[in-house]
Amino acid sequence: MTKVIIDGNEIDVPPEYTLLQACEAAGAEIPRFCFHERLSIAGNCRMCLIEVKGGPPKPVASCAQNVRDLRPGPNGEPPVMFTRTPMVKKAREGVMEFLLINHPLDCPICDQGGECDLQDQAMAYGVDKSRFQENKRAVEDKYLGALVKTSMNRCIQCTRCVRFATEVAGVPELGATGRGEDMEITTYLEQAMTSELQGNVVDLCPVGALTSKPYAFAARPWELGKTESVDVMDAVGSSIRIDTRGREVMRILPRLNEDVNEEWISDKTRHVVDGLRTQRLDQPYIRENGRLRPASWHEAFAAIAAKVKASSATRIGAIAGELSAAEDMYALKDLLAQLGSKNLDFRQDGQALDPAWGRASYLFNATIAGIEKADALLIVGADPRREAAVLNARIRKRWRAGNFPIGLIGERADLNYAHQYLGAGPDTLADLADGKHEFAELLKKAERPMLLLGAGSTARRDGAAIASLAAKAALSLGVVKDGWNGFSMLHNAASAVGALDLGFVPGQGGLKAAEMAIYGTLDVLFLLGADEIDVASGAFVVYIGTHGDRGAHRADVILPGAAYPEKSGIYVNTEGRVQMAGRASFPPGDAREDWAIIRALSDALGRRLPYDSLPQLRQAMFKAHPHLLRIDQITPGDAADVSRLASLGGQPDKAPFRAALEDFYLTNPIARASAVMADCSVLAEGHAALTAAE
């Protein structure tokens, strides 16, 4: 630590701190536009000027100089800095005056109004007049794709967006052309941005040059109610804030969470909002003569009760979907237990994962933040850039820090960081496990190696054998050792780990999801938001869900449920972190929360569940599964579970691993109902070079 004196206060700060960070540690407020804690230092806005005693007789850019670079006083006194002297005040006023020379006076029509750093800092540090009378410069707006709207007259060339695209997203599509007054931020030939994280440049932009295209002119920030929640578009569980006006969700923004998503979210998380308003189920339906007709709750429950009472317990089943909250799955599992059925599953894609193998067999044991501690990585059957874009950004962050070899087994993928392609299938993994591959030596030499196993690699007939082989490789390569468990399963579905924790898998003699979907296997099948599986004709299908998607098209009775912003629910992310989503709005029409539908249905079936409210349901769930009570905490799995998984054995097929996701933007009913996601999907399929003129 280094002693410094800031505005008369002596404090100790790390020598690698910038002067700006040191001043803020001392409680001083330093304005800035170009500086951002997660981006490289540009030092080009000059708003963060301070005075350093004994330094040059001019203000110093505090973002671009480190504490270790300061000289002590003549008698060894700590370096002295000032943030509120007349020199600093005059310097900041001058910088602000320069910034506003060309900035348009369009605050009333700017989407950044109310959340604009330039607006705030002009009020705090600017002056009420300008000495410049020349015409303002004009810059043509740029086409960046379906998500980012530009108004480049407002750009102050802070280059935050350029640095984010290059450093964090890993897709260097933005850059600056020209010099001086002619400098412009643009893409190459005005093509659409292709990063799955591009929406974050809107949050980074300190002015209104880059704003959200789908949200343009929709609402002002002071009109919105703000609710803290959790993202369910993937299994990362990014922390988000849902902004609502009345009953309508207007936008989704990231929340700071250093352990999970830092301050980034994927474009699907951010822009899936319009899918919450489209193709919604807002009343029960019953299929008569091949057509669905609106019905009352009483009619729908009566139709289900008649079918259930005419069926034996062994011919009733349930499948949970990818967006299901833990409470909903617990209630449905409880209902099937009351009915005497063991046919329940959440693995629509046929994944070979079983809670009986132990919790460490299906968790991302290294944790998301733990990626930064790892020193080697083996990716097996996964494309983290599309399956977990925010987690992939963390891998890239670690790769940029240096000395981080990465190997990939599976489909070739553009992972936006350098990696060594090792092979396509289980044979390569077996060679690594036996130490026959050169990359095995890198992993063995590493202090904290990681093995990232993708959900796609276990979603095949030989999935159990693949999981066992991966666990064997992890043990032989030193991925699991004292104080470090690098065996990490990357899930795709937000509900996956919660379902495994709850034991939402077939009981003794029960049927798997794929078996339940076969013709003639079941008489009654409950689909809890399960839209990723094709159910053959024959069974009476009860669909509890939010959208008119695949599950609703197949259903004989539809019970309208609540989407994730419309209910409070517990989700467990891929690393086993228990998180609670908050309710930001209410479901449309007659739709109800899923657990409440199941509770009411249990009455109609004469199998009343023992809870009448969400707190009572949670109390029962916490009693059965105590670790779910520890919100925002990870209950780690036992490393011995990996050894148990390795001992299962089995003979894997020779078939190469396939990607788990076909389309990053259209993975669930909400995303498929979104026009914005449809536009992004089209651009991603090779049309990214479309320009504004086309």
Problem set entry | Lone qualifier among Met81, Met96 - being buried (at least 16 other Cβ atoms within 10 Å of the Cβ) and under 24 Å from Arg163 (Cβ atoms) | Met96
Problem set entry | Hits in region 99-118 - residues which are under 17 Å from Glu134 (Cα atoms), modelled with pLDDT of 90 or more and open to solvent by 60 Å² or more (accessible area, probe 1.4 Å) | Leu100
Problem set entry | Residue in region 1-28 that is farthest from the chain's Cα centre (by Cα), counting only those that are without any contact (Cβ under 8 Å) to a residue 40 or more places away in the chain and under 18 Å from Val88 (Cα atoms) | Gly8
Exercise. How about region 66-107: which of its residues are among the polar types (S, T, N, Q) and either touching a Phe, Trp or Tyr at 6+ places or on another chain (Cβ under 6 Å) or within 29 Å of Asp182 (Cβ to Cβ) (or both)?
Worked result: Asn102
Problem set entry | Among the residues listed as Gly478, Gly538, the single one being surrounded by fewer than 24 Cβ atoms within 10 Å (Cβ to Cβ), closer than 21 Å to Leu645 by Cα and small (Gly, Ala, Ser) | Gly478
Problem set entry | Residue check for Ala655: within 29 Å of Glu532 (Cα to Cα), of a type in the set (A, V, I, L, M) and in contact (Cβ under 8 Å) with a residue 24 or more places away in the chain | yes
For this session: Can you run down the residue pairs with Cβ atoms below 8 Å, 6 or more apart or on separate chains, where the first is in region 270-284 and free of Cβ contacts under 8 Å to residues at least 60 places away in the same chain and over 16 Å from Ile240 (Cα atoms) and the partner is hydroxyl-bearing (Ser, Thr, Tyr) and part of a loop (DSSP other than H, G, I, E, B)?
Result: none
For this session: Go through region 367-390 residue by residue and tally those that are surrounded by fewer than 24 Cβ atoms within 10 Å (Cβ to Cβ) and small (Gly, Ala, Ser).
Result: 3
Exercise. Quick one: what pairs do we get from region 363-378, first residue free of Cβ contacts under 8 Å to residues at least 40 places away in the same chain and farther than 11 Å from Gly637 by Cα, second assigned to a helix (DSSP H, G or I) and open to solvent by 10 Å² or more (accessible area, probe 1.4 Å), C-beta under 6 Å, 6+ apart or different chains?
Worked result: Glu372/Arg398
Seminar exercise, completed: Residues of region 447-464 being over 18 Å from His491 (Cα atoms) and open to solvent by less than 10 Å² (accessible area, probe 1.4 Å), in sequence order, are Pro449
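The values are calculated or read from the model by the stated rules, or taken from the named source; none is laboratory data. Please read these numbers as outputs of a predicted model, since none were measured by experiment. Don't worry about glycine lacking a Cβ; one is built from the backbone with ideal geometry, like all the others, and counts go over all protein chains shown. All accessible areas refer to the heavy atoms of the entire protein, side chains included, with ligands and DNA or RNA removed. Shrake-Rupley method; radii C 1.70, N 1.55, O 1.52, S 1.80 Å.
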